[in-house]
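Some notes on the structure that comes next.
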Amino acid sequence: MNIKYDEVDKLLTCQITEEIDHHTTEKIRRILDDEIERYIPKRIVFDFDKVSFMDSAGIGMILGRYKMIRMLGGSVEMINVKSNVRKIFEMSGVHKIIQIN
Amino acid sequence: MENKVKLELMSKSSNEAFARIAIAAFVSQLDPTIEEIADIKTAVSEAVTNCIIHAYEEKEGIIYVTCILKNREVTIEVQDNGIGIENIDMAKEPLYTSKPELERSGMGFTIIDSFMDEMKIESIVGMGTKVTMKKTIK
């Protein structure tokens, strides 16, 4: 995972660098929660450029982080989402809640 | 043309990636598109994850994954000797999950059903579950 924080814009960019499934979400979730609690960002961007595979475990993982960030008053977006991953977000309606750019 | 492979996996989450990659590699002899392979990988991942989380409740167990190729048709069976499913119709409902505390989305069977051409679930409570899915490679 590559994490970047922009102090001025209070923007946290999280580039996920592995396949997302039930096995990997546990670790990804722990890292993200730590970073979110540390910075309390105003805006968070999940970069999916390096995510070649995601199954339904990713839906719960992203929605869980979304709830957390919204509670802290921040906004969420996703970028560089590949078509096979996008399909999973669209099927579950996540794209209606979180902006995919 | 007929071909078949059978995998026996311990119910460990690190085997989810192995199962979907092994099946994808086996199916690749039919020269599927990238999208077809992605769909099959996702369906296998969902079915194997179900065995680990639900059937064996993250305890020890064996998962059997069989893949049969017949002409252009791929049949994948994912079987466990776990707790079984009491209400299959409910389990198939989109967004239904028996484990919301794990941040599960309840989309597993819905994804299998839509990514594959056919899905069949057979289950006996206390005995186990078999999920059979089919997809024809165009």
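Out of all the residues in segment B:80-94, is one or more under 17 Å from B:Leu9 (Cβ atoms), more than 14 Å from chain A (Cβ to nearest Cβ) and in a loop (DSSP other than H, G, I, E, B)? Steps first, answer last, please.
Going through segment B:80-94, the residues under 17 Å from B:Leu9 (Cβ atoms) turn out to be B:80-82.
Cutting the leftovers down to more than 14 Å from chain A (Cβ to nearest Cβ) gives us B:80-82.
Add one more test, that the residue is in a loop (DSSP other than H, G, I, E, B), and what stays is B:81-82.
Yes, the conditions are met somewhere in segment B:80-94.
Scan segment A:75-94 for residues that are small (Gly, Ala, Ser) and modelled with pLDDT of 95 or more and jot them down.
The first filter runs over segment A:75-94 and keeps only residues small (Gly, Ala, Ser), leaving A:75, A:83, A:92-93.
Selection gives A:Ser75, A:Ser83.
Among the residues of segment B:13-48, what is the count of those that are surrounded by fewer than 24 Cβ atoms within 10 Å (Cβ to Cβ), under 19 Å from B:Asp80 (Cβ atoms) and among the small types (Gly, Ala, Ser)?
5
So for segment A:52-64 (the condition being exposed (fewer than 14 other Cβ atoms within 10 Å of the Cβ) and within 28 Å of B:Ile40 (Cα to Cα)), does at least one residue qualify?
Quick first cut of segment A:52-64, residues exposed (fewer than 14 other Cβ atoms within 10 Å of the Cβ) only: none.
Among the residues of segment A:52-64, not one is exposed (fewer than 14 other Cβ atoms within 10 Å of the Cβ) and within 28 Å of B:Ile40 (Cα to Cα), which makes the answer no.
Residues of segment B:58-72 being outside any strand (DSSP E or B) and either polar (S, T, N, Q) or closer than 18 Å to B:Lys6 by Cα (or both), which ones? Talk me through it step by step, then tell me what you get.
Residues of segment B:58-72 outside any strand (DSSP E or B): B:58-61, B:71-72.
Selection gives B:Gly61, B:Asn71.
Which members of segment B:2-16 meet the condition of being within 16 Å of B:Cys67 (Cα to Cα) and either within 8 Å of another protein chain (Cβ to nearest Cβ) or under 14 Å from the mean Cα position of the chain (by Cα) (or both)?
Restricting attention to segment B:2-16, the residues satisfying the condition of being within 16 Å of B:Cys67 (Cα to Cα) are B:2-9, B:16.
Of everything in segment B:2-16, those that are within 16 Å of B:Cys67 (Cα to Cα) and either within 8 Å of another protein chain (Cβ to nearest Cβ) or under 14 Å from the mean Cα position of the chain (by Cα) (or both) turn out to be B:Lys6, B:Leu7, B:Glu8, B:Leu9, B:Glu16.
Any chance you could count how many residues in segment A:20-58 are in a loop (DSSP other than H, G, I, E, B), charged (D, E, K, R) and more than 9 Å from chain B (Cβ to nearest Cβ)?
3
Can you confirm whether segment B:105-118 contains a residue that is charged (D, E, K, R) and in contact (Cβ under 8 Å) with a residue 60 or more places away in the chain?
No, segment B:105-118 contains no residue that is charged (D, E, K, R) and in contact (Cβ under 8 Å) with a residue 60 or more places away in the chain.
The values are calculated or read from the model by the stated rules, or taken from the named source; none is laboratory data. From a predicted model like this one, the values you see are computed outputs, not experimental measurements. With ideal geometry, Cβ positions are generated from the backbone for all residues, glycine too; neighbour counts draw on all protein chains shown.
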